Amino acid sequence: QVQLVESGGGLVQAGDSLRLSCAASGRTSSRYAMGWFRQAPGKVREFVAGISWSGDSTLYADSAKGRFTISRDNAKNTVSLQMNSLKPEDTAVYYCAVRNLPSITAVSYRYDYWGQGTQVTVSS
């Protein structure tokens, strides 16, 4: 089993920045991709960003391009999401996910483990 714990969420104003972190522990595969998803009230969970095992490949939703940056530290089994220029529409619960394959995908059902989520609220 794999445990994922997110941190770094909070209440900020539009234009501010936040850095989310996720720590993975337990029986992960030897090489695994990681991703961030989010779910706003009344909406389906959507992909935000993903990163391959090596870190050489990243993928972003259009809404995140140019504002968010995903990174990982394999020595610490962590993934981070730096979010800049936040907008009220970024308000959501953000989830970290692990995929037991090294390549990234934006498809949620292809991820095997999920964290409990961390709330991000951006006020206007």
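The values are calculated or read from the model by the stated rules, or taken from the named source; none is laboratory data. For clarity, every value in this text was computed on a predicted model and none was experimentally measured. With ideal geometry, Cβ positions are generated from the backbone for all residues, glycine too; neighbour counts draw on all protein chains shown. We work out accessible area using only protein heavy atoms, side chains counted, and drop any ligands, DNA or RNA first. Shrake-Rupley method; radii C 1.70, N 1.55, O 1.52, S 1.80 Å.
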Please compute the length gained on full extension between Val5 and Asn74, using 0.36 nm multiplied by the number of residues separating them and subtracting their Cα-Cα distance. 23.3 nm
Pseudo-spin-label distance Val44 to Asn84, built 7 Å along Cα→Cβ, given in nm, is 3.2 nm
Between segment 1-59 and segment 88-124, what is the separation of their alpha carbon centroids in Å? 5 Å
Would you list, by chain and number, the lysines whose Cα falls below 28 Å from the Cα of Lys76, excluding same-chain residues fewer than 8 positions away? Lys65
Note to self: with every protein chain in place and a 1.4 Å probe, the chain gives an accessible area per residue in Å² of 51 Å²
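If packing is taken as the mean number of other Cβ atoms within 10 Å per residue, what is the order of 61-71, 33-43, highest first?
Peptide ranking by packing, descending: 33-43, 61-71.
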Which order do peptides 89-100, 111-122 fall in by mean Cβ count within 10 Å, highest first? 89-100, 111-122
I'd like the carbon and sulfur percentage of the solvent accessible area for segment 1-111, probe radius 1.4 Å, heavy atoms only, ligands and nucleic acids excluded. 47 percent
The farthest towards the positive end of the charge dipole of the chain, of the residues Gly15, Gly115, Gly42, given +1 on Cβ of Lys and Arg and -1 on Cβ of Asp and Glu, is Gly115
Output the relative contact order of the chain, whole-number percent, from Cα pairs under 8 angstrom with separation of 6+ residues. 36 percent
Grab the beta carbon distance between Arg110 and Asp16, set R0 = 22 Å, and tell me the FRET efficiency rounded to 0.05. 0.10
Rounded, prolate or oblate: which fits the chain when a ≥ b ≥ c are the square roots of the eigenvalues of the alpha-carbon gyration tensor, with rounded for a/c under 1.5 and prolate only if a/b beats b/c? prolate
